[in-house]
Amino acid sequence: MRKLLLPMCLTLVGCMPGNMADTPSRDFVQESALGLPPLKSFATSSVEAPTRSNIDIARDFLELSFHLESGRELPVLTRFEGPISIRVTGAPPATLLPDLTRLIYRFQSEARLNVSLTNAPDANITVQAVSRADIRKNLPHAACFVVPNISDISEYKSARRSAKTNWAQLRQRNRLAVFVPNDASPQEVRDCLHEELAQAIGPLNDLYRLPDSVFNDDNMHTVLTGFDMLVLRTYYAPELRTGMSKRQVASVLPGVLARLNPAGEARSPERAAPTPRSYIAAVQTALGPGASMPQRRKAAEKALEISRAFGWQDHRRAFAHYAMGRIALQSDPNEALKHFQAADQFYANSSATTLHRAYVASQLASHAISEGNGVRALTLVNPAMHIAKEHENAALLSTLMLLRAEALELTGRSSEAQHVRLDSLGWARYGFGSEWAVRAKMREISTLSPRRGQRG
């Protein structure tokens with residue numbers, strides 16, 4: 001279950017926990033786009049192989065597979081035994097089937113899973129597209145979620161507190177349902193498909209210490225990574241089976257990973273320290289729903305204090321600074337800037353956090369534009385745009401492009417700025433969805449520049 005707001009560039013939108021801590025879910029942020037360019041989408045995936053030691057990956061696999069996000073332990077491994085069929089019901093938006101087809105192809109080609117689309121009512125996994133209102137009736141803060149042993153959202157309310165839908169009591173996977181919104185942005189729907197189908201098929205847990213995975217509540221990665229595909233491929237290795245205990249899986253796991261990821265055998269383990277529940281709770285309060293601004297700030301300060309006390313130099317320390325920066329933006333831009341700069345410094349410690357740095361770059365570029373420094377903004381957004389595109393994040397990509405347009409205006413390149421601004425809109429339609437959301441993002445970024453008064 002996602003427990004954080006998705007860090008979508010300049011505004012707080014995204015993911016928070018549902019009421020049931022053991023129900024994997026994702027939290028929410030189309031109408032026609034008259035007057036805007038056609039919607040753009042990503043045709044190919046560029047996925048990097050995992051770069052960490054197999055010793056670290058084995059530890060990650062066991063924690064992902066034998067715990068729920070609430071911390072509850074799972075007694076046995078559960079998975080589908082045999083081919084996995086997926087059907088779509090409800091009222092899917094136009095982009096859902098193309099994105100789902102691409103994802104299934106990735107499951108087949110990268111994770112070597114026997115997964116296929118079907119129209120049969122007895123499909124193993126039902127992806128039901130319903131309204132956000134219907135989803136929130138069942139999990140108030142969820143954008144999407146996955147549940148075992150049901151096929152329709154109408155079944156969930158009566159079954160939600162029963163053993164039928166209790167992941168901790170599940171002993172085999174035969175039938176699951178994934179509920180996704182049909183009135184969210186195309187990117188939000190796609191992100192839900194990636195996360196919820198990965199959990200429907202494989203592990204249910206998330207770990208903050210993972211820098212290169214969708215199985216991380218910081219929500220930086222929104223499409224499945226090379227690490228994630230390795231985890232899924234391992235999950236369905238012939239050496240494993242439903243009903244195995246953690247000890248049994250641990251005994252065969254080194255051999256499985258040596259076979260599937262031989263490059264990981266030669267790498268030295270980092271053995272990242274576990275993430276305490278206090279850090280997780282603090283970050284959730286800082287960026288999640290229901291807290292006042294003073295409460296958010298206090299929680300972000302606590303997350304930063306914990307990361308300092310543990311001596312972390314990794315992305316968790318960076319994310320605490322990032323959260324502090326987000327919270328300080330409205331009240332003290334200079335303080336926010338210092339935290340974003342600190343976040344960037346810690347993210348720079350790892351080659352696995354280039355996407356994280358692209359998010360931070362959008363904040364640093366925004367500040368540079370507000371100071372009238374177009375040259376500085378361009379040095380930040382140009383490489384970040386490539387990273388956003390590589391990671392198929394249209395919302396981040398369009399935001400960076402709009403920031404680039406403002407920076408070009410500041411450097412006297414108005415014609416080029418107009419071209420970049422126009423080119424960004426097709427990506428914005430995929431990333432933000434509705435015309436009003438796209439135009440609101442354009443207005444938000446245009447007001448950053450000190451030239452806005454001159455443009456009227």
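Spacing of the modelled spin labels on D332 and H386, each 7 Å from Cα toward Cβ, amounts to 3.7 nm. With helices as the sole contributors, the chain gives -15500 deg cm²/dmol at 222 nm; each DSSP H run of n ≥ 4 counts as -39500 (n - 2.57), and the sum is divided by every residue.
Maximal additional length on extending the E305-R247 stretch stands at 17.4 nm, based on 0.36 nm per residue less the C-alpha distance. Karplus-based coupling profile of segment 71-76, in residue order and whole Hz: x, 5, 8, 9, x, 9, with θ = phi - 60° in 6.51 cos²θ - 1.76 cosθ + 1.60 and x standing for Gly or Pro.
Round to the nearest 0.05 the FRET efficiency obtained for S370 and S292 when R0 = 22 Å and r is the Cβ-Cβ distance.
0.25
At 0.890 mPa s and 25 °C, plugging the Kirkwood radius over alpha-carbon pairs of segment 310-406 into Stokes-Einstein gives what diffusion coefficient in µm²/s? Roughly 184 µm²/s, to the nearest whole number. Starting from a Cα-only point model with no solvent, please compute log10 I(q)/I(0) by Debye for segment 167-219 at q = 0.13, 0.27, 0.28 1/Å. Once normalised to I(0) and log-transformed, intensities are -0.39, -1.11, -1.14. In a Debye calculation with equal point scatterers on the alpha-carbon sites of segment 218-300 and no solvent, what is log10 I(q)/I(0) at q = 0.11, 0.18 Å⁻¹? Log10 of I(q)/I(0), two decimals: -0.53, -0.93. Normalised radius of gyration (Cα atoms, divided by 2.2 N^0.38 Å) for segment 200-343: 1.26.
Average the reciprocal distances over every distinct pair of alpha-carbons in segment 351-456, invert the result, and give the Kirkwood radius in Å. Computed over Cα pairs of segment 351-456, the Kirkwood hydrodynamic radius comes out at 13.4 Å. The stretch between R271 and S154, if pulled fully straight at 0.36 nm per residue, gains 37.7 nm over its current Cα-Cα span. Where the centroid of each part is defined by its Cα atoms, how far is segment 309-351 from segment 43-104 in Å? Segment 309-351 and segment 43-104 have Cα centres separated by 29 Å. What a 1.4 Å probe finds exposed on the chain is 52% carbon and sulfur by accessible area, rounded to a whole percent.
Between amide H atoms placed 1.01 Å from N, distances below 5 Å from V115 occur with I84, all of them 5 or more places distant or on a separate chain. Across segment 56-182 the C-alpha pair distances fall into 10 Å bins from zero in the proportions 12, 38, 39, 12, 0 percent. You can think of it this way: the chain between L36 and R161 has 40.5 nm of extra reach, that is 0.36 nm per residue less the Cα-Cα gap. Would you give the gap between the C-alpha center of segment 392-456 and the C-alpha center of segment 235-271, rounded to a whole Å? Taking the Cα centre of segment 235-271 as reference, the centre of segment 392-456 is 46 Å away. By the equivalent-ellipsoid construction on the alpha carbon gyration tensor, the chain comes out with semi-axes of 36, 25, 21 Å, ordered largest to smallest.
The values are calculated or read from the model by the stated rules, or taken from the named source; none is laboratory data. Owing to the predicted nature of the structure, the values given are computational and were not obtained by experimental measurement. Here Cβ is always computed from backbone atoms with ideal geometry, including for glycine, and neighbour counts include all displayed protein chains. Just so you know, the surface numbers come from the protein's heavy atoms only, side chains and all, with ligands and any DNA or RNA stripped out. Shrake-Rupley method; radii C 1.70, N 1.55, O 1.52, S 1.80 Å.
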